[in-house]
Amino acid sequence: MPYGVKQGVKAPGEFGLSDIAGLALSGSAGIIAALVTDFQQSGEASALYTINQWVVQLASAFGFGTIPLWMVVVGLTAVGAGSVFYFQPITRQGAFAQGFGLLAVLMTAIPSNLAGGLQGINDNLPGLEPATTTSREASVGGGRIYKASYSQATIIPVQDRRGGAKYDVHLTINFPEGLPADIDSMIRQGTLRGRLHNEDTKETWNLFRTSGGTVRQRGNSIIIHAGVPARSDSGRLWVRVEAAGYAIELESYQATTRSTVDWTVDMQPSSVPLFVQRLRKSYWF
């Protein structure tokens with residue numbers, strides 16, 4: 001069907017290649033505008049991360065490697081350009097609005113990839129007792145302070161109150177040049193994010209949202225104590241940490257329920273803006 005037949009404004013064949021190219025570019029511009037809006041305003045709830053996760057899973061089924069976020073953006077932009085052949089707008093303003101609206105509908109329909117809060121270890125285990133602020137341990141951002149009094153005894157295995165096994169995770173994130181602002185402000189602004197993923201169970205948790213776990217700051221380090229549900233005696237855990245002024249770190253750890261997961265992540269200073277780094281990364285969890 002020749003372009004423009006549905007509109008009844010121009011006769012078939014009157015839309016030349018330059019007209020169609022201009023409409024396709026306008027449709028792509030609408031897609032990009034909607035992408036930037038969602039990416040900046042929705043933060044971790046952006047549907048772009050969910051799409052990236054789906055694309056990675058599909059690519060893995062065909063033996064391809066990880067797909068970075070920028071490839072997803074390019075793919076969606078191409079969809080915006082190609083959609084003008086179906087909707088057939090006759091003005092560039094209409095093509096832009098059509099592209100923007102198309103992506104808005106997609107973003108609304110796609111569920112957010114929000115991770116749950118960190119779980120705590122069994123209350124009977126030592127080391128998670130609330131403590132008052134002292135001169136040696138100061139509260140930052142109004143967070144609760146917990147005594148770091150874990151014993152070195154072997155846990156065989158860690159069990160929660162429902163009887164399920166857990167990995168006892170002690171994660172220390174070091175920021176050699178410190179953080180540019182307090183933790184709460186950076187989390188609200190989206191300049192401090194983190195995920196913890198269990199490769200075995202496919203579950204993911206937000207490092208800075210707690211549901212029984214503990215997060216505190218000591219000097220230039222953030223210390224996290226949490227219990228990660230386990231399906232077997234051992235499994236691989238992944239952590240991704242994003243902070244303004246530092247390179248995004250992605251690391252893994254072979255955990256076991258029979259010993260404490262004593263994990264340290266050293267952040268590397270970087271002058272590359274976070275949004276540029278995020279576009280280069282593959283968000284598969």
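The values are calculated or read from the model by the stated rules, or taken from the named source; none is laboratory data. Source: prediction; values computed, not measured. Don't worry about glycine lacking a Cβ; one is built from the backbone with ideal geometry, like all the others, and counts go over all protein chains shown. In case anyone asks, the SASA skips ligands and DNA or RNA and just uses the protein heavy atoms, side chains included. Shrake-Rupley method; radii C 1.70, N 1.55, O 1.52, S 1.80 Å.
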- prompt: Given a Förster radius of 25 Å and the C-beta distance between Met71 and Ala97 as r, what FRET efficiency does 1/(1 + (r/R0)^6) yield to the nearest 0.05?
  reply: 0.45
- request: For the range 19-72, state which chymotrypsin sites (Phe, Trp or Tyr not before Pro) are in a DSSP loop and have at most 12 other beta carbons lying within 10 Å of their beta carbon.
  value: Phe62, Phe64
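Take the solvent-accessible surface of the protein heavy atoms, probe 1.4 Å, and return the percent of it on the range 193-285 that carbon and sulfur atoms account for. Intermediate values should be presented prior to the final figure.
On the way: 1700 of 3810 Å².
Ligands and nucleic acids excluded, carbon and sulfur reach 45 percent.
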field: At R0 = 22 Å, FRET efficiency that the Cβ-Cβ distance of Arg236 and Asp266 yields, to 0.05
entry: 0.65
query: What ³J(HN,Hα) values, in whole Hz, does the Karplus curve 6.51 cos²θ - 1.76 cosθ + 1.60 give for the range 177-193 when θ = phi - 60°, with x put for Gly and Pro?
result: 9, x, 9, x, 8, 6, 4, 4, 5, 5, 5, 5, 7, x, 9, 9, 9
query: In nm, what is the difference between 0.36 nm times the number of residues separating Gln254 and Ala181 and their Cα-Cα distance?
result: 23.1 nm
query: In Å², what does the accessible area per residue of the range 173-285 work out to with a 1.4 Å probe?
result: 43 Å²
- prompt: So if we plug the beta-carbon distance of Ser42 and Leu106 into 1/(1 + (r/R0)^6) with R0 = 22 Å, what FRET efficiency do we get, rounded to 0.05?
  reply: 0.95
- request: Determine how many Å³ per residue the convex hull of the Cα atoms of the range 22-119 encloses.
  value: 112 Å³
field: Fraction of alpha-carbon pairs over 20 Å apart in the range 194-260 - percent
entry: 31 percent
